[in-house]
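Asker: Let me begin by handing over the structure; questions about it come next.
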Amino acid sequence: MATLAAVRVLAAVDKFRGTATAIEVAAAIESACRETGNDCDMAPISDGGEGWLDAFGGPNRRTIVTGPLGDPVTAPWRLADGTAVIEMALASGLLVAGGAEHNDALAATTTGTGDLIDAALDAGATRIIVGLGGSATTDGGLGAIRAIHQPARLRRVELLVACDVRTKFTEAARVFGPQKGATPSQVDMLTGRLQRLAQVYAHDYGVDVTDVPGSGAAGGLAGGLVALGAVLTPGFDLLAEELALEARTARADLIITGEGFLDEQSFEGKVVGQMAALALAHGKRIVAIVGNAYDGTEQRIEAVSLVGRFGEDRAINETLACIESAALDLLAP
């Protein structure tokens, strides 16, 4: 009797927010592959926010920095082969501040992210990649800039910022402030502060950040880093190049992608939509395992909804077991 050839599976997945990290999701799919005798290439992915550092291989450095509300925070980061990877949320994030209910929207600072960039420069990094997302701040990056000793050193390095929003600098407070705990009056105050700060950056650095798409990301941190010479780039594109995702897609027989919620936004620069485009370009089958699917998006990609298959309670409380079971069904001969 002929033995079936092993299927080469690329598990290119995002997090299931609140229930499983991208690494955990990829590992659940890898377990299903191992059980069915198939090969698995694990590629946990982030679009710049939560899980960004893990997608590059995880931290190998830790630095005590100034947290978003001024308290010391031990922030992990990575340095390998001259490239530093920083996830700003781990130094200046809303979760570090205790959530919107405990955040001080006016006082929250990006100083800790600047501390990490400074540490990377001190360690001899020639390339610094900063992932934005999940910030507590709307300080326009001023805290970060002030924390970097001799910012002119950045001229000698490549500074890349993963940015997946188009919001402009002075719009940051209006668009993102409320989710960080800002009241309507505070949004007005923060907007005025960003407008004045844009003038300062234009004067001090000769850069007009107001018209740069994405400069409002992370409460304007993106714009502050642009003033120092950073290049804003879509998070998925940056990570895809670093992880050679196109070549790995070409080698795979089946791509399994996934995220917590499949909706129209999933096809606007997010992991599932971008992986679907890669799979299509290489003529590969792709299946999305998702927590739940909305807006008829199951018509746009072959998808398995955990809520639909296992019920809401199991999908939420036994997420990884459900993901592994769903992958087993896909791989069953």
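Coordinate-derived values only; no laboratory data. Note that the coordinates shown come from a computational prediction; the quantities given were computed from them, not determined experimentally. Virtual Cβ from ideal backbone geometry, glycine too; neighbours counted across all protein chains shown.
Asker: Along Cα→Cβ, 7 Å out, is where each label goes; now give me the distance between the ones at ARG251 and ASP329 in nm to one decimal.
Answerer: Going by the 7 Å Cα→Cβ label model, 3.0 nm.
Asker: Let me ask something else about it. What are the residues whose amide H is under 5 Å from the amide H of GLU158, where those residues sit 5 or more places off or on another chain and H is modelled from the backbone?
Answerer: It is ARG127, ILE128, by chain and number.
Asker: Looking at the chain, which Cys residues are left with no other cysteine's beta carbon under 4.7 Å from theirs?
Answerer: That list is CYS163, CYS322.
Asker: Read through the labelled values (i) 28, 25, 23; (ii) 33, 22, 18; (iii) 37, 21, 17 and report the label of the one computed as semi-axes √(5λ) of the Cα gyration tensor in Å from the structure.
Answerer: (iii)
Asker: ³J(HN,Hα) across region 281-293 via Karplus (A = 6.51, B = -1.76, C = 1.60, θ = phi - 60°), whole Hz, x for Gly/Pro?
Answerer: 4, 9, x, 9, 6, 9, 10, 9, 9, 10, x, 7, 10
Asker: Amide H of GLY93 versus every other amide H placed in the peptide plane: which residues, excluding those fewer than 5 positions away on the same chain, fall under 5 Å?
Answerer: Residues meeting the criterion, in which the H sits 1.01 Å from N, are ALA136.
Asker: Would you list ASP81, ASP204 from fewest to most Cβ contacts within 10 Å? Intermediate values should be presented prior to the final figure.
Answerer: Numbers: ASP81 7, ASP204 11.
Sorted ascending by nearby Cβ count, the order is ASP81, ASP204.
Asker: May I ask for the net charge around ASP237, where only other residues with Cβ less than 13 Å from the Cβ of ASP237 are counted and Lys, Arg are +1 while Asp, Glu are -1? Intermediate values should be presented prior to the final figure.
Answerer: Working: positive: LYS270; negative: ASP47, ASP164, GLU241, GLU242, GLU246.
Surrounding charge for ASP237 is -4.
Asker: Can you list residues whose amide H is under 5 Å from GLU87's amide H, if they're 5+ apart or on another chain and H is modeled 1.01 Å from N?
Answerer: Under 5 Å from the amide H of GLU87: GLY131.
Asker: Okay, next question. List the relative contact order of the chain as a percent without decimals, with contacts defined as Cα pairs under 8 Å and 6+ residues apart. It would help to have the intermediate numbers written out before the result.
Answerer: Numbers: 777 pairs, mean separation 61.8, N = 333.
With pairs under 8 Å counted, the relative contact order is 19 percent.
Asker: Could you line up VAL25, VAL272 from fewest to most neighbouring Cβ atoms inside 10 Å?
Answerer: Values: VAL25 31, VAL272 28.
Neighbour counts put them in this order, fewest first: VAL272, VAL25.
Asker: Let me ask you something else. Shape verdict for region 52-236, please, from the Cα gyration tensor: rounded (a/c under 1.5), prolate (a/b greater than b/c) or oblate. Present the calculation step by step, with values, prior to reporting the outcome.
Answerer: Working: a/c = 1.69, a/b = 1.25, b/c = 1.35.
Note, shape of region 52-236 comes out oblate.
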